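To keep things clear, I will list the structure first and then write my remarks on it.
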Number of protein chains: 2
Amino acid sequence: MKQIRSSFDHATISSHEINDLQARLTPEIGRIKEAWAAGYATEYASLSLSSDTELLGRVMAHARQAESLNPRMVIIIGIGGSNLGTMALLQALGHTDRSVHFADTVDAPYIQAMYDQAEAMLEQGDEILIIVISKSGSTTETIANAQLFAALLQKHKKEYARNVMVISDEGSPLARIAAQHSFSYLSIPQQVGGRYSVFSAVGLFPLAVMGVDIVALRSGAESMKGACTHETLYKNPAALRAATLYQLYQKGLYIHDTFAFSHALYGIGQWYRQLLAESIGKAETKQGALVHVGITPTTSIGSVDLHSVTQLSLAGPANRVTTFLTIAEQKDISVPSGTAFDSLVPMIQGTSFRMIMQAIVDGTQKAYEYAHRPFMTIELPELSAYHCGQLLQMKMVEIMYLGFLFDIDPFNQPQVEWYKKETRKILSHE
Amino acid sequence: MKQIRSSFDHATISSHEINDLQARLTPEIGRIKEAWAAGYATEYASLSLSSDTELLGRVMAHARQAESLNPRMVIIIGIGGSNLGTMALLQALGHTDRSVHFADTVDAPYIQAMYDQAEAMLEQGDEILIIVISKSGSTTETIANAQLFAALLQKHKKEYARNVMVISDEGSPLARIAAQHSFSYLSIPQQVGGRYSVFSAVGLFPLAVMGVDIVALRSGAESMKGACTHETLYKNPAALRAATLYQLYQKGLYIHDTFAFSHALYGIGQWYRQLLAESIGKAETKQGALVHVGITPTTSIGSVDLHSVTQLSLAGPANRVTTFLTIAEQKDISVPSGTAFDSLVPMIQGTSFRMIMQAIVDGTQKAYEYAHRPFMTIELPELSAYHCGQLLQMKMVEIMYLGFLFDIDPFNQPQVEWYKKETRKILSHE
């Protein structure tokens, strides 16, 4: 099968700069290689998800059960790492007739509209499935929504337990509630953090219910093991991407734009946004020295954003690097002729949309070269579960290498607790 | 009527720094005040749109005509400035049963799905309306899509001209085609650039067709005239926002995050993203000196992104300022009790979603204060056309003042032409 392809030809980093990092990264590459085989014991636990056949079996069994309920609407109640991976892959790959909604906020009008739709379905006898996802079970937004939709189910269904799936850490208060109330339940390995959890039940279960081929997805993820643990940087795209981002950061390139030339890939850009921001945005090194590092992720979509942020990217401060994300093969359509508008852009008569898009991608990259703006590229051979699995796995390993280079902990998020603490104080009238 | 409120209490800019800019801005404030009354002659032309009653009359007449067609689906064919304002306001305010789609790319699978839906409607006898928007009429993506959907209409309707609306500059090749083929046509004043065109026919016509109260929208925009041309900076929120952004930029704060605590306002963040990026991202001053200035706009959504980018915002490099965007009054719902999940976050029992959201907003701002991260706030009294009009108008004037302070032209976009030129070369096999 064709594999995703990464290019660094225009990353504007010298072989000297890469070689400087080879020695530093070699032991970390070894650690990641070991961890990939070590199960859930280490911080790198998420790497073991894609080969956990027992997990796949449990997810498949629960997905079949959900299939038998035949829900017309699925509401995923979770926030951040608990839904961004699912959201991204559904946007790229989802294909059932089920309507899917994400309750990821306490924005009243937004949630009310979702509630009204769910209620209308229940009233006409349709089934809905709610999936409550929280590692700790104490995320305010998630629990507020879980209460809201549980109350709705209770109102309409005597035995509503089969309409509820809970995904949480083993032994969490939320897991205990699932057991007490006979809700379906899938666990998250403790060491797997939210933003690395897309190949755990957090992502796999809702994706399976929505018709995504999770076997191919996992197999794509697992297929990156060789390349992403190759000890030579030039043959290791995850490490080479990390080394490039790190060296450019030293020169003041603090922004990383993921520029996807496909509407379907936008969600993957948004998933990576959290992964990069929360993993690498840190005040302190692992040893506690104050550093305030962090790369600001932005997501652009082509060709739409060529008419939006490109002026800034080409003319503004030289403070960003771009990753262009493209798909090689897709269904295509052609520009028809014989219409009133034919004469306006004569060169496109009969041309396929794919060829126009490719000309735009190439034209854009020429403009970036001309303006001396660095970029990397990633090309998916096609938009499939297998290749999305490859992409997401590579990105997660990239972030692990990047955390190592910055000497910060890419698995924690201490400052997120600040707003939570302040919010709890206000809600408790302390 | 209540007005939108701006606060600068946590902008971390001294009165000294503001006073320094008062003298510099005073003449520009005068110019903008004059221009607001001067019609379409100057670069500030867009300021005159909201009081152009003749424009309103034409738009209303055409909107009534479109109403009489009763289209079940509306396809807006345009890109960047030609659709972002409409997209933003529809997300915030749209309320008809018409399905609306944006053909803003040549992404084949994405456009194919839209095409299939349009064709299915035509086959069952429903009407669709296509709105082709391009100032020049030579935007490749727009014309490719115009040809595609025009051919579809021709296939299904003998007299399809009434299903087509064209919005373009007076005398453009696209305007001529509209006349030749008896398409409905509305003009854009030459001096009004795409990203400032939301109160021209570009925004007003599709908004009216989709049920937005464009009279209230315009009236909100016009109501900002007094405040946004007030000669005292402290009483002029547009100029004070510009002065704040400018002074923070001098200290290395190159990123401006619009953090909207409402899903409905996300599109306004995306509209402002283009406005800021393309207007202020410039290689040269008006006099041609090389400067490479630009502020990178990002858009966050609350509370979703508290679990995403906040770690970076609070702990990473001190390179950003945030504008929190909130809505004071909204429909509300409460957290019900008597569910399985009641015990997990005990303090929210019976609390309204609005109160939880307010606690989150306040908690977040406390965390920003604690981390010494600067922010401004804008509060809409409610989510209405009037207040959205105020907000968008204020933001456009803010950008004009900002362009003046940076001494760059906030109305052009020379580097966007680079990718267009390269793309045309490739398509023409030059």
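Of the residues making up the stretch B:107-141, those that are facing chain A (nearest Cβ under 9 Å) and touching a residue at least 60 places away in the same chain (Cβ under 8 Å) are B:Thr139, B:Thr140, B:Glu141. Just give me the residues in the stretch B:294-308 being closer than 16 Å to A:Ser82 by Cβ and facing another protein chain (nearest Cβ under 7 Å), in sequence order. Listed by number, the residues that qualify are B:Ser303, B:Val304, B:Leu306, B:His307, B:Ser308.
Quick one: which of A:Gln65, A:Gln91 is in contact with a Gly (Cβ under 7 Å, 6 or more places away or on another chain) and not assigned by TED's automatic domain parsing to the domain that holds A:Gln270? Within the list A:Gln65, A:Gln91, the selection yields A:Gln91.
Just one residue in the set A:Ile356, A:Ile399 is under 16 Å from A:Ala260 (Cα atoms) and either under 25 Å from the mean Cα position of the chain (by Cα) or free of Cβ contacts under 8 Å to residues at least 24 places away in the same chain (or both); that residue is A:Ile356. For the stretch A:362-379, filtered to residues that are in a helix (DSSP H, G or I) and in contact with a Lys or Arg (Cβ under 9 Å, 6 or more places away or on another chain), the residue that is farthest from A:Lys251 (Cα to Cα) is A:Gly363.
State whether the residues of the stretch B:182-201 include one that is assigned to a helix (DSSP H, G or I), surrounded by fewer than 21 Cβ atoms within 10 Å (Cβ to Cβ) and not assigned by TED's automatic domain parsing to the domain that holds B:Ser384. No, every residue in the stretch B:182-201 fails to be assigned to a helix (DSSP H, G or I), surrounded by fewer than 21 Cβ atoms within 10 Å (Cβ to Cβ) and not assigned by TED's automatic domain parsing to the domain that holds B:Ser384. The residue list A:Thr364, A:Thr339 contains one member that is in contact with a Gly (Cβ under 8 Å, 6 or more places away or on another chain) and β-branched (Val, Ile, Thr), which is A:Thr364. For A:Asn412, the criteria (1) out of contact with any helix residue (DSSP H, G or I) (no Cβ under 6 Å at 6 or more places or on another chain); (2) in a helix (DSSP H, G or I) hold in every case but one, which is (2).
Take the conditions within 7 Å of another protein chain (Cβ to nearest Cβ), under 16 Å from A:Leu427 (Cα atoms) and surrounded by fewer than 21 Cβ atoms within 10 Å (Cβ to Cβ) and apply them to B:Met347. Does it pass?
yes
For the stretch B:309-322, give me the residue count where each residue is of a type in the set (Ser, Thr, Tyr) and at the interface with another protein chain (Cβ under 8 Å from one of its Cβ atoms).
So the count comes out to 2.
Any residue at all in the stretch A:88-107 that's modelled with pLDDT under 95 and closer than 30 Å to A:Leu253 by Cβ? Checked the stretch A:88-107: no residue is modelled with pLDDT under 95 and closer than 30 Å to A:Leu253 by Cβ. Considering B:Leu392, B:Leu405, the condition of being farther than 25 Å from B:Gly267 by Cβ, at pLDDT 95 or above and assigned to a helix (DSSP H, G or I) is satisfied by B:Leu405 alone. Residues of the stretch B:80-133 that are surrounded by 19 or more Cβ atoms within 10 Å (Cβ to Cβ), in contact with a strand residue (DSSP E or B) (Cβ under 6 Å, 6 or more places away or on another chain) and outside any helix (DSSP H, G or I): B:Asn83, B:Val100, B:His101, B:Phe102, B:Ala103, B:Ile128, B:Leu129, B:Ile130, B:Ile131, B:Val132, B:Ile133. Looking at the stretch A:368-378, which of the residues that are surrounded by 20 or more Cβ atoms within 10 Å (Cβ to Cβ) and either at pLDDT below 95 or within 23 Å of the chain's Cα centre (by Cα) (or both) is nearest to B:Asp107 (Cα to Cα)? Residue satisfying both the conditions and the ranking: A:Ile378. Cβ-Cβ distances below 9 Å connect the following pairs, each with a first residue in the stretch A:378-390 that is over 22 Å from A:Thr244 (Cβ atoms), a second residue that is among the basic types (Lys, Arg) and at pLDDT below 95, and a separation of six or more residues or different chains: A:Pro381/A:Lys2; A:Glu382/A:Lys2. Number of residues in the stretch A:162-186 that are at the interface with another protein chain (Cβ under 9 Å from one of its Cβ atoms), farther than 13 Å from A:Ile131 by Cβ and without any contact (Cβ under 8 Å) to a residue 24 or more places away in the chain equals 2.
The number of residues in the stretch A:280-297 being crowded, with 24+ Cβ neighbours inside 10 Å, touching a strand residue (DSSP E or B) at 6+ places or on another chain (Cβ under 6 Å) and of a type in the set (Val, Ile, Thr) comes to 2.
Counting only strands (runs of 3 or more DSSP E) that sit completely within the stretch A:248-324, those holding 3 or more residues that are hydroxyl-bearing (Ser, Thr, Tyr) correspond to A:296-301. What number of residues within the stretch A:150-161 satisfy the criterion of being under 23 Å from B:Val304 (Cα atoms) and more than 9 Å from chain B (Cβ to nearest Cβ)? The number of residues fulfilling the criteria is 0. Does B:Met357 count as away from chain A (no Cβ under 11 Å) and either part of a loop (DSSP other than H, G, I, E, B) or buried (at least 20 other Cβ atoms within 10 Å of the Cβ) (or both)? It is false that B:Met357 is away from chain A (no Cβ under 11 Å) and either part of a loop (DSSP other than H, G, I, E, B) or buried (at least 20 other Cβ atoms within 10 Å of the Cβ) (or both).
Against the definition (out of contact with any Asp or Glu (no Cβ under 8 Å at 6 or more places or on another chain), more than 25 Å from B:Ser82 (Cα to Cα), β-branched (Val, Ile, Thr) and more than 7 Å from chain B (Cβ to nearest Cβ)), how does A:Ile378 come out, yes or no? So A:Ile378 fits the description; yes.
Is it fair to say A:Asp332 is within 8 Å of chain B (Cβ to nearest Cβ), surrounded by fewer than 18 Cβ atoms within 10 Å (Cβ to Cβ) and either hydrophobic (A, V, I, L, M, F, W, C) or in a loop (DSSP other than H, G, I, E, B) (or both)? Against the criterion (within 8 Å of chain B (Cβ to nearest Cβ), surrounded by fewer than 18 Cβ atoms within 10 Å (Cβ to Cβ) and either hydrophobic (A, V, I, L, M, F, W, C) or in a loop (DSSP other than H, G, I, E, B) (or both)), A:Asp332 qualifies. Quick check, is B:Ala277 buried (at least 24 other Cβ atoms within 10 Å of the Cβ) and either facing another protein chain (nearest Cβ under 9 Å) or among the aliphatic types (A, V, I, L, M) (or both)? Answer is yes for this residue.
The values are calculated or read from the model by the stated rules, or taken from the named source; none is laboratory data. A quick note: this is a predicted structure, and the numbers were derived from the prediction, not measured. Glycine gets a Cβ as well: all are built from the backbone with ideal geometry, and neighbour counts include every protein chain shown.
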